[in-house]
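The values are calculated or read from the model by the stated rules, or taken from the named source; none is laboratory data. All values reported here derive from a predicted model rather than from experimental measurement. Cβ placement follows ideal geometry from the backbone for every residue including glycine, while neighbour counts extend to all protein chains displayed.
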Amino acid sequence: MSGQDSIEATGRKAASADGAGSWQRLRRAFGLAASLLVGAGLVFVAGFGWFASHVSHLATPGDPQKADAIIVLTGGQSRLDAAMELLETGKGDRLLISGVHPSATRRQLQHALGGDKRLFACCVDLDRTALDTIGNAEESAKWVHNHAYSSVILVTNNYHMPRSLLEMGRLLGKAKLEPYPVVNTNLDNGGWLTKPEALRVLFTEYNKYLLALARGVLPLKPTPDGITLAEGAANPAR
């Protein structure tokens, strides 16, 4: 074999070795990526199981401690009824109904809720600005601050309570939040697994809860077209 042939053979072997090495590195990278995806999926599923179990075990307090005020987030008649009953029984001195539709009048709400007209007239405030849970938290924080309340009973459905507490807790400062979960469907003992509608609601709320957690790290802001970075992060100061 001539010297030239030997050089060419050595070059081919080196190229082949480099190609094999590159393929091995690529396979390892794909394997690592697949393992990370599977791991993330398992964490996601396990997290959902924990969330659903936690929510299904939330119970409405039989005799909650008195607080300065009560906040109820709109979203169902049962929430409003529970909040009004708390006000009537003296568990709070004033009630904020957050997220009232702009077209709903005080008279319509009072009629729908029933109860003492004088109590509704003197001690119930309406927030018509909030459109979502973040808005509920923002408007509630203003109300709590304006009245200098130090303790608040928060009324919403059990599945909505974890996210509501998270959003409220970020903005209400030192005010103490007492959760008052309203339970419409008994989901104890894994009942949510056999109820497709409950499973759908829990899964949707779980994803919203994860997004709320992420907002604590990244300045994400929900919009009608999806999720975007908040303005302050998208346009940093120079």
Any residue at all in region 168-179 that's loosely packed, with under 14 Cβ neighbours inside 10 Å, on the phi < 0 side of the Ramachandran plot, at pLDDT below 85 and not in a strand (DSSP E or B)? no
Name the single residue that is nearest to Tyr209 (Cα to Cα) among those in region 139-167 being modelled with pLDDT of 95 or more and among the aromatic types (Phe, Trp, Tyr). Trp143
Checklist (1) touching a His at 6+ places or on another chain (Cβ under 8 Å); (2) over 23 Å from Asn184 (Cα atoms) applied to Leu73, failing item: (2)
Given the criterion loosely packed, with under 14 Cβ neighbours inside 10 Å and without any contact (Cβ under 8 Å) to a residue 60 or more places away in the chain, identify the matching residue among Asp127, Asp63. Asp63
Criterion violated by Ile71 - all others in (1) free of Cβ contacts under 8 Å to residues at least 40 places away in the same chain; (2) outside any helix (DSSP H, G or I); (3) out of contact with any Lys or Arg (no Cβ under 8 Å at 6 or more places or on another chain) satisfied: (1)
